[in-house]
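This report refers to the structure that appears directly beneath it.
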Amino acid sequence: NIYFTNQLLVSGSEDETIRLWNVKTGECFKILKAEKPYERLNLTGVSGITEATRATLKALGAVD
């Protein structure tokens, strides 16, 4: 997806980032990335959850 004005271009990417570009210089001056809901949640030693739940939590940012 791309949003464009005469001074700013905003692009979204599959790497889950939004980039802000200066149209005149072609410079990317800001990269935005939202934290995932479970970013850095440590699953080491967690028991009582299914492998599907573990995989889902990891997809949402948890680490194992």
Item to complete: Kindly indicate which of Leu20, Leu43 is without any contact (Cβ under 8 Å) to a residue 60 or more places away in the chain, in contact with an Asp or Glu (Cβ under 7 Å, 6 or more places away or on another chain) and surrounded by 11 or more Cβ atoms within 10 Å (Cβ to Cβ).
Response: Leu43
Worksheet item: Among the residues of the stretch 18-53, which ones are more than 27 Å from Asp64 (Cα to Cα) and aromatic (Phe, Trp, Tyr)?
Response: Trp21, Phe29
Worksheet item: Given the structure, is Thr56 of a type in the set (Val, Ile, Thr) and not in a loop (DSSP other than H, G, I, E, B)?
Response: yes
Worksheet item: Does Lys36 qualify as being among the charged types (D, E, K, R) and either touching a helix residue (DSSP H, G or I) at 6+ places or on another chain (Cβ under 9 Å) or in contact (Cβ under 8 Å) with a residue 60 or more places away in the chain (or both)?
Response: yes
Worksheet item: Filtering the stretch 6-17 down to residues that are over 12 Å from the mean Cα position of the chain (by Cα) and either surrounded by 10 or more Cβ atoms within 10 Å (Cβ to Cβ) or assigned by TED's automatic domain parsing to the domain that holds Asp64 (or both), which residue is farthest from Asp64 (Cα to Cα)?
Response: Leu8
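The values are calculated or read from the model by the stated rules, or taken from the named source; none is laboratory data. Note that the structure is a prediction, hence the values are computed from the model and not measured. Neighbour counts are summed over all protein chains in view; Cβ atoms, including those assigned to glycine, are modelled from backbone coordinates with ideal geometry.
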